[in-house]
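Would you mind keeping the following structure in view while I ask a few things?
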Amino acid sequence: MTIYLNGQYLPLEEAKVSVLDRGFIFGDGVYEVIPVYSRRAFRPVAHMQRLQHSLDGIRLANPLGMDEWTAIFERLIAGCDSEDQYLYLHITRGVAPRDHPFPVPPVTPTVFVMANPLGQPPASVFERGVAAITAPDYRWLRCDIKAISLLPNVLLRQMAVDADASETVLIRAESLTGDTPATEGGFLTEGSASNIFVVNNETLLAPPKDHLMLPGITYDVILEIAAANGIRCEIRKIPVAEVFAADELLLTSSTREVQAITHLDGKPIGSAVPGPMFKKIHPLYQAFKRNVMRAK
Ligand code: PDD
């Protein structure tokens, strides 16, 4: 497998980064994950705009122009042996002696890009849905930045794995102290690596895109699909009680697309099988994907 690192195309095993890289030392960097269908990047402009938002959030200039990014993507996509892939882009503040403030003068950022095959989940995910757990959202207050410092997300996701579930639904305490039990007060933010939608009374409820969640590209696609197909939507703060009382719960991400959560903390959601909203939105999402690719 060939990857891109700092201007070079290298076999993965030959790609090396200094131990003084600020990504390694401080998690001082940002990333993006862009799905690729039939060897074409899906919503590349939206992903690159979000990358710019993340870079602005950490006060790091974009090291490459759009043409340079595109040339890297094309070469890596061509070299990957799967038609459906995802691009992983990772930019850090670069290599400098260990010291918290930004290096003066600035150093060259580290840029890493790879393309990996994107597999489809097993059929059981569509037939039965997935299980999730809830946990207090104890992350920082800039979750709109797609930062590589993912330790909270990693710990929260592992809680799901330990509970034989596939995602952790995060509940932000009103007080923001993070110590309120997930089931007592608070409101939905997102999943540890996905956005979460609630379905109640045939209405799709989505938390607002603010500093407490990542503005998902798939989230936007789902809302566009809903608007185009007469599905009622409400974008507002969602209290935890509404999450547990949901008729359906959906999770979305670039790599998981849209999936139904049918159990939460071991309790059934709705009738504990993927419901009518999922059955409507999932094929619409697949059709949307195919149409976008055909139009290119
Ligand atoms: N994660 N929220 C969080 C915390 C995420 O990490 C992700 C995606 C999303 C969904 O965003 P999008 O629809 O743009 O993929 C929401 C990626 C897939 C990852 O870290 O691998």
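The values are calculated or read from the model by the stated rules, or taken from the named source; none is laboratory data. Source: prediction; values computed, not measured. Cβ: placed from backbone, ideal geometry, glycine included. Neighbour counts: every protein chain shown. Accessible surface areas use protein heavy atoms only, side chains included; no ligands, DNA or RNA. Shrake-Rupley method; radii C 1.70, N 1.55, O 1.52, S 1.80 Å.
Output yes when any residue across the range 216-230 is part of a loop (DSSP other than H, G, I, E, B), within 16 Å of the ligand (Cβ to nearest atom) and at pLDDT 95 or above, and no when none is.
yes
I've got another one for you. Is it true that residue 264 is in contact with a helix residue (DSSP H, G or I) (Cβ under 9 Å, 6 or more places away or on another chain) and within 16 Å of the ligand (Cβ to nearest atom)?
When the stated conditions are applied, residue 264 does not pass them.
Here is a further query. Residue 131 versus (1) farther than 22 Å from residue 243 by Cα; (2) at pLDDT 95 or above: which is the lone unmet condition?
Of (1) farther than 22 Å from residue 243 by Cα; (2) at pLDDT 95 or above, only one is false for residue 131: (1).
Restricting attention to the range 234-291, which residues are buried (at least 21 other Cβ atoms within 10 Å of the Cβ) and in a helix (DSSP H, G or I)?
If the condition is that a residue be buried (at least 21 other Cβ atoms within 10 Å of the Cβ) and in a helix (DSSP H, G or I), then 240, 243, 277, 278, 281 are the ones that fit.
Restricting to the range 62-98, what's the tally of residues that are in contact with a helix residue (DSSP H, G or I) (Cβ under 9 Å, 6 or more places away or on another chain) and open to solvent by 80 Å² or more (accessible area, probe 1.4 Å)?
2
Which of the residues spanning the range 46-66 are within 16 Å of the ligand (Cβ to nearest atom) and either in contact with a Phe, Trp or Tyr (Cβ under 9 Å, 6 or more places away or on another chain) or assigned to a strand (DSSP E or B) (or both)?
Listed by number, the residues that qualify are 48, 51, 54.
Which members of the range 68-91 meet the condition of being outside any helix (DSSP H, G or I) and more than 16 Å from the ligand (Cβ to nearest atom)?
80, 81, 82, 83
Among what's in the range 192-215 and is within 16 Å of residue 160 (Cβ to Cβ) and near the ligand (Cβ under 6 Å from one of its atoms), pick the residue that is most open to solvent (accessible area, probe 1.4 Å).
193
Residue by residue through the range 8-31, note down the ones that are free of Cβ contacts under 8 Å to residues at least 24 places away in the same chain and either in a strand (DSSP E or B) or of a type in the set (Gly, Ala, Ser) (or both).
8, 10, 11
Would you be able to tell me the number of residues in the range 32-45 that are open to solvent by 30 Å² or more (accessible area, probe 1.4 Å), within 16 Å of the ligand (Cβ to nearest atom) and in contact (Cβ under 8 Å) with a residue 40 or more places away in the chain?
1
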